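Each remark here refers to the structure printed beneath this line.
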Amino acid sequence: MKTGKGKKHIAAVISAAVITTGTISIAGAAMTAGIDDVISLQKAVAGIDTIKQDYDVNEDGKVNVFDLSVMKNLAHKESGEIKDTVIPISSEYVKFTGRHITKDSSEWLLQSGSAVEFKVTGTKASAVLNGGSFFEADKDHRPRYAVFVDGELILDKTIDEKEETVTLFEEQSRRTAEVKIMLLSEATSGPVGVSSINVSSDAAVPVKPLPNKKLLIEFIGDSITCAYGVEGKSSSDPFKTTTENFSKSYAYLAAKQLDADYSAVSYSGHGIVSGYSSGDKNSDCLVPDFYSLTSRLPGYDLPWDFKERETDAVFINLGTNDINYVTADYETRSEEFIKGYIDFLKTIRSNNPKAAIICTMGIMGGDEDIYPLIEKAVAEYTAETGDNNVTCYKSSVQNITADGIGSDWHPSEITQQNNGYIAADKICKALGIEGSGTGLDAAADGIYDVELNEEAGAYAAFYVGYDKSFWINMTEGGTSPEDVKGVISGIELKAGGEYRLEFDCTATPDADVPVLVTGSSEYMSDSVSASSDKQHFEKTFTVSQKDNDAAIIFKLGGKSYYNVTISNLKLVKIN
C-alpha cells in the first residue's frame, strides 16, 4: 500500500471502525487515505492484486468490502479541498484507442486515430504532450493531433515543441468533461506522446477512463484509410500532414456511425505484395510485414498485443498500391497477389479468431484489375480453411466531378464520408446486425425496368448506362401517363427514416413528368417540369414502417415520340 511521505500506516492510525446499519463511523482516525490507497485496495478486493494483510484497514482479521468502505470514507473526507494533481497516463486513468506504447515517461499514440480518452472532474484541467524529436520536422510534415472536449474540437495542430501543455478547461466551479486526444496524421510521420493530465479538483477520483463501447473494429489500409490529402485543395497538392486528417477518414466515420471503438493500421503507399511503384516491385512497403507491430518506425516497432482486446470486425482496404506492379505482368503477378492476400488473411485470422473480416478496394481505381483478384483470394481462402466469416465488396470509384478531389488524386471529404456510410453498412451485414442505412443510396442496387400497357398500344425502348442513367424512348405512349412507367424497384426503406430523392431530368419535347415513391403505401408524389435543358429535382419524405420492396416510378405514358433521361439519381437516408 502506498503511504506517502511522512504518513503513518493507515491500519495503525484507525483505532476503531464501527459498522452499523447503513453507516460507517470511524473513531480516532488521525489522517486520511489517498486515492492510490483506494485503488490498491479495490483491486485486492476484486481479486486483481494479491490480498495483503496490510489492507485490513478496520483490523477485524479479514480483507473485504468493509475495509474498502472505510477507506473510501476516508478518501471522501479529503474531497471538498481542491488539490492540484498530476495524473500519469495509464489504463487506470485513461482508455487507449488504437496502437500505443510506453516510452520516455509518455504514452505514444502511434497509428492514425490512436487516442487516449478519459473523463476528468475539476475546476481546471490540462494535458502535457511530448513531441519527441518529431517536432523538428518541416512544419507541414510534423505529427498532427486533435483534442476534443465533450465531443467539441478545441484544438487541431501539428506538434511544435518538445513539450506542449494543452488547456482542456478552466472554470469557476467544478466541471466534469469527456476528453479525447487523438493522432490525426499517419504512423510514418511520427507519433505524439501524452505524458500526464494535470487537474485541480476536490474529487476523490478526478480522472477516470471512458468505458469501452460494445464493438471494436480494426481498419487495415493505405493512404485512403489514413485520409491522405482529404483537406487538400487540388489534385496537384503534395503530401502534407497538415492536410491529412483521420477524423475525416471513412474508417473513423464508420466507427462513429456504429458507436464503435476502432483501431487502425494504415500506411500510405503500402500494399499486399508491392508498395506504390512505376511497375517494379517495392518490397519495402508491405502492410503484412508491419501488421503485427505497433508501428514500423524504428524505436516504436514493438510486437502488438492482440489479446489486449478482442476485435469484432476487421476491415481491409488494400490493393490500390499493388496495381502498377501487378498489371505490369498480370498473368504471373496476379497469382502472386492472390497468394499474398490469402497469406495475409491467415495472419489476420490467427490474431482475430472470432472477427468478421470484410475486404474491399477500388475507391481510387483498380476495380477492374485488382478487385477480382481479391474475390478469388477470399474464395480460395474460404475453400482451403472452411472459414466462412470473410466477405468482400467492390468500392465504387470516386466521382471527382460530383464530389471533388484531394491531394494527389486522393478521396475528398465527401468521398470519404460516402464510403464511411457504406463501410458501416457492410460491417453491420457481416456482423448480422441491423444497420441504420444513414447516408446510403437506397436505390443504388435497384432494378431498372419499364412497364408497358400493351393493350393501350404502348411501346418503349430503354437503356441503363454504366452510371445508372435511365434513358426511355416512347414511340407509342398509349393514352394515359399510367401506360408507360419507368420503374426502379427492389428498394429497402427503413422504419422512421427520412429520405431525400434527387435526380436530373431531360425530356424532348417539354413535359411534366410525374414521379412517386411507393410500396406498401405511397410515400411521395410530385412532378418535375422537364425540358431539353437539364432540370434538377429534389424532395424529402419520411417512412413510418419498414418496406423491403419499395419503388421509384416515373409516369411517362400518353405521349408518342417522346424521350426522357433520368440521371444522377439518388435516394439517400438523411437521418
task = Find how many whole Å separate the alpha carbon centroid of the range 295-358 from the alpha carbon centroid of the range 407-422.
result = 22 Å
For residue 136, solvent-accessible area (1.4 Å; no DNA, RNA or ligand), Å² = 130 Å²
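Using alpha-carbon pairs under 8 Å, 6+ residues apart, how would you state the relative contact order of the range 460-575 in percent? Don't skip to the end; give the middle numbers.
On the way: 311 pairs, mean separation 50.3, N = 116.
Result for the range 460-575 is 43 percent.
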note = For residue 315, other-chain or 5+-apart residues with amide H closer than 5 Å (H placed, Pro excluded) are 218, 219, 220, 358
inquiry  = Modelling each spin label as a point 7 Å along the Cα-to-Cβ direction, I'd like the residue 544/residue 162 distance in nm, to one decimal.
reply    = 6.9 nm
message = Going by Cα centres, the range 122-194 and the range 470-501 are how many Å apart?
response = 52 Å
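Just how large is the dipole of the range 430-495 about the Cα centre, in debye to the nearest 20, putting +1 at every Lys and Arg Cβ and -1 at every Asp and Glu Cβ? Each step should come with its number before you reach the end.
Details: 3 positive and 12 negative charges, 52 e Å.
About 240 debye.
For every helix of n ≥ 4 consecutive DSSP H residues, a contribution of -39,500 (n - 2.57) applies; sum these over the chain, divide by its total residues, and give [θ] at 222 nm rounded to the nearest 500 deg cm²/dmol. Walk me through the intermediate numbers first.
Numbers: 11 runs with 111 residues, N = 575.
The per-residue figure over the chain is -5500 deg cm²/dmol.
Work out the FRET efficiency for residue 368 and residue 433 from their Cβ-Cβ distance, taking R0 = 25 Å, and round it to the nearest 0.05.
Working: r = 32 Å, r/R0 = 1.28.
The value I calculate is 0.20.
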Estimated FRET transfer efficiency (residue 234, residue 140; beta-carbon r; R0 22 Å; 0.05) = 0.90
request  = Would you pull out the residues with amide H under 5 Å of residue 528's amide H, same chain only if 5 or more places away, H placed 1.01 Å from N?
outcome  = 513, 515
Degrees separating the helix 330-351 axis from the principal Cα axis of the chain, which is the longest one = 40 degrees
task = Calculate what fraction, in whole %, of the accessible area of the range 523-571 sits on carbon and sulfur atoms when a 1.4 Å probe is rolled over the protein chains.
result = 38 percent
Partnerless cysteines, meaning none of the other Cys C-beta atoms lie under 4.7 Å away, in the chain = 226, 285, 428, 505
remark   = Relative contact order in percent for the chain (Cα pairs under 8 Å, 6+ apart) equals 10 percent
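Ratio of the range 389-447's C-alpha Rg to 2.2 N^0.38 Å, to two decimals? List each step's numbers first, then the result.
On the way: Rg = 13.0 Å, N = 59, 2.2 N^0.38 = 10.4 Å.
With N residues counted in the range 389-447, Rg over 2.2 N^0.38 Å equals 1.25.
Leaving out ligands, DNA and RNA, and with a 1.4 Å probe, what % of the accessible surface on the range 349-403 is carbon or sulfur?
Numbers: 1160 of 2560 Å².
C and S atoms contribute 45 percent here.
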message = I want to verify the translational diffusion coefficient of the range 315-466 in µm²/s; compute it with Stokes-Einstein, Rh as the Kirkwood radius over Cα pairs, at 10 °C and 1.306 mPa s.
response = 89 µm²/s
message = Bins of 10 Å, beginning at zero and ending with the bin holding the largest distance: percent of Cα pairs per bin for the chain, please.
response = 3, 14, 20, 20, 17, 12, 7, 4, 2, 1, 0
inquiry  = On a full-extension model of 0.36 nm per residue, what is the gain between residue 327 and residue 400, subtracting their alpha-carbon distance, rounded to one decimal in nm?
reply    = 23.9 nm
task = List every residue whose amide H lies under 5 Å from the amide H of residue 443, counting only residues 5 or more places away in sequence or on a different chain, with H placed 1.01 Å from N in the peptide plane.
result = 571
remark   = Expected vector for the range 114-120, Karplus 3J(HN,Hα) from phi with 6.51, -1.76, 1.60 and θ = phi - 60°, integer Hz, x for Gly and Pro, equals 4, 8, 10, 9, 7, 10, 10
key: Contour excess over end-to-end distance, with Cα ends at residue 506 and residue 532 and 0.36 nm allotted per residue   = 8.8 nm
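What is the percent carbon and sulfur in the accessible area of the range 124-172, measuring with a 1.4 Å probe over the protein chains and ignoring ligands? Show your work: numbers first, answer last.
Working: 1090 of 2550 Å².
Percent of accessible area from carbon and sulfur atoms in the range 124-172: 43.
So, for the chain, what is the accessible surface per residue at a probe of 1.4 Å, expressed in square angstrom? Numbers along the way, then the final one.
On the way: 25700 Å² over 575 residues.
That works out to 45 Å² for each residue.
Go through 213/546; 103/339; 233/307; 248/307; 426/546; 157/339 and tell me which ones have a Cα-Cα distance over 30 Å in this structure. Can you show the working numbers first?
Numbers: 213/546 27 Å; 103/339 37 Å; 233/307 41 Å; 248/307 28 Å; 426/546 19 Å; 157/339 41 Å.
Correct reply: 103/339; 233/307; 157/339.
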task = Select from 564, 552, 509 the residue farthest towards the positive end of the dipole of the range 456-575; place +1 on Cβ of Lys and Arg, -1 on Cβ of Asp and Glu, and compute about the Cα centre.
result = 552
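What is the gain in length, in nm to one decimal, between residue 561 and residue 85 on full extension, counting 0.36 nm per residue of separation less the C-alpha to C-alpha distance? Before the final figure, lay out the partial values.
On the way: separation 476, 0.36 × 476 = 171.36 nm, distance 8.14 nm.
Extra length available between residue 561 and residue 85 comes to 163.2 nm.
The values are calculated or read from the model by the stated rules, or taken from the named source; none is laboratory data. Computed from a predicted model, the values in this text were never measured in an experiment. Don't worry about glycine lacking a Cβ; one is built from the backbone with ideal geometry, like all the others, and counts go over all protein chains shown. Just so you know, the surface numbers come from the protein's heavy atoms only, side chains and all, with ligands and any DNA or RNA stripped out. Shrake-Rupley method; radii C 1.70, N 1.55, O 1.52, S 1.80 Å.
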